[in-house]
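Here the structure is laid out as structure tokens; the discussion comes afterwards.
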């Protein structure tokens with residue numbers, strides 16, 4: 001497997017500082033709250049959380065000994081997110097990790113004092129979480145997963161996979177994602193690719209099948225699934241519907257391709273959580289979150305499910321196979 005490395009907007013993920021140059025922590029047990037916008041049983045998210053815990057241990061924080069990790073899983077549900085955020089803040093955490101746009105937004109509306117580190121957020125300035133990437137200010141900092149411009153790359157990759165595509169549905173939940181921003185990027189890229197984009201806003205599981213059917217009703221249709229906690233929570237439904245309607249689709253995380261989706265173009269999500277562990281450590285040792293720059297990803301991965309391509313009667317171009325980081329057969 002070959003990985004391609006890209007230069008980050010702001011210098012890449014935070015480095016893990018040696019213990020020798022760190023201030024000593026106090027004897028008090030610290031509390032890390034985690035408001036997780038993902039779905040239950042997501043293997044990629046499970047790997048991310050294991051990476052977070054291992055990285056924190058490397059930095060001197062062992063769960064159950066000097067750090068309590070209190071995790072709440074929202075399943076991409078907005079009312080549940082609000083209720084769990086209130087519960088989490090009531091425990092007086094020293095720092096909170098917000099995974100996803102919904103959890104980040106809810107926490108920042110609930111506190112201006114508890115430090116918040118976000119992950120899996122695409123446009124923190126556009127979402128109003130920070131005013132400046134280099135010096136976010138206030139009680140928040142974090143890690144970008146995909147900039148909205150990434151959506152243009154998803155469209156380009158899907159068109160390379162199937163040059164016959166002329167219409168594409170862009171699916172996401174506007175309550176839990178930056179759907180409008182992603183869609184604008186796809187519109188900007190669509191002209192040169194001779195593809196007509198259609199925004200497919202989904203609010204509940206029942207709408208997924210309806211919108212996939214709509215996308216498949218167009219001749220030479222395709223599907224772009226954006227980075228969204230709701231879509232992750234309903235991953236199996238999305239993949240099953242795309243398979244049922246024989247619709248070529250591109251996804252934002254590897255786990256989609258691993259579970260039968262055609263292709264994913266994604267970041268190295270473990271890198272994002274190693275960076276989050278570094279920032280959590282620095283905040284626990286006295287750093288102010290508003291002084292820590294928001295970080296962008298440095299590595300991206302293309303994963304192609306060849307078995308799914310064959311089921312769709314798609315012949316993957318050799319040029320694309322040659323650049324793939326992983327081919328699932």
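Please determine whether any residue of the range 50-73 is modelled with pLDDT under 95, surrounded by 12 or more Cβ atoms within 10 Å (Cβ to Cβ), in contact with a helix residue (DSSP H, G or I) (Cβ under 7 Å, 6 or more places away or on another chain) and under 29 Å from residue 327 (Cα atoms). Checking the range 50-73: not a single residue is modelled with pLDDT under 95, surrounded by 12 or more Cβ atoms within 10 Å (Cβ to Cβ), in contact with a helix residue (DSSP H, G or I) (Cβ under 7 Å, 6 or more places away or on another chain) and under 29 Å from residue 327 (Cα atoms).
If only residues of the range 19-40 that are buried (at least 23 other Cβ atoms within 10 Å of the Cβ) and not in a strand (DSSP E or B) are counted, the one that is modelled with the highest pLDDT is 37. Of everything in the range 77-102 that is under 16 Å from residue 279 (Cβ atoms) and within 20 Å of the chain's Cα centre (by Cα), the residue that is surrounded by the fewest Cβ atoms within 10 Å (Cβ to Cβ) is 97.
Is it true that residue 233 is out of contact with any helix residue (DSSP H, G or I) (no Cβ under 7 Å at 6 or more places or on another chain) and more than 19 Å from residue 326 (Cβ to Cβ)?
Values: out of contact with any helix residue (DSSP H, G or I) (no Cβ under 7 Å at 6 or more places or on another chain): yes; more than 19 Å from residue 326 (Cβ to Cβ): yes.
Yes; evaluated as a whole, the condition is true for this residue.
Taking residue 79 as the residue in question, decide whether it is modelled with pLDDT of 90 or more, part of a loop (DSSP other than H, G, I, E, B) and more than 28 Å from residue 264 (Cβ to Cβ). Spell out how you get there, then give the answer.
Working: modelled with pLDDT of 90 or more: yes; part of a loop (DSSP other than H, G, I, E, B): no; more than 28 Å from residue 264 (Cβ to Cβ): yes.
When the stated conditions are applied, residue 79 does not pass them.
The values are calculated or read from the model by the stated rules, or taken from the named source; none is laboratory data. Please read all numbers here as calculations on a predicted model, not as lab measurements. Here Cβ is always computed from backbone atoms with ideal geometry, including for glycine, and neighbour counts include all displayed protein chains.
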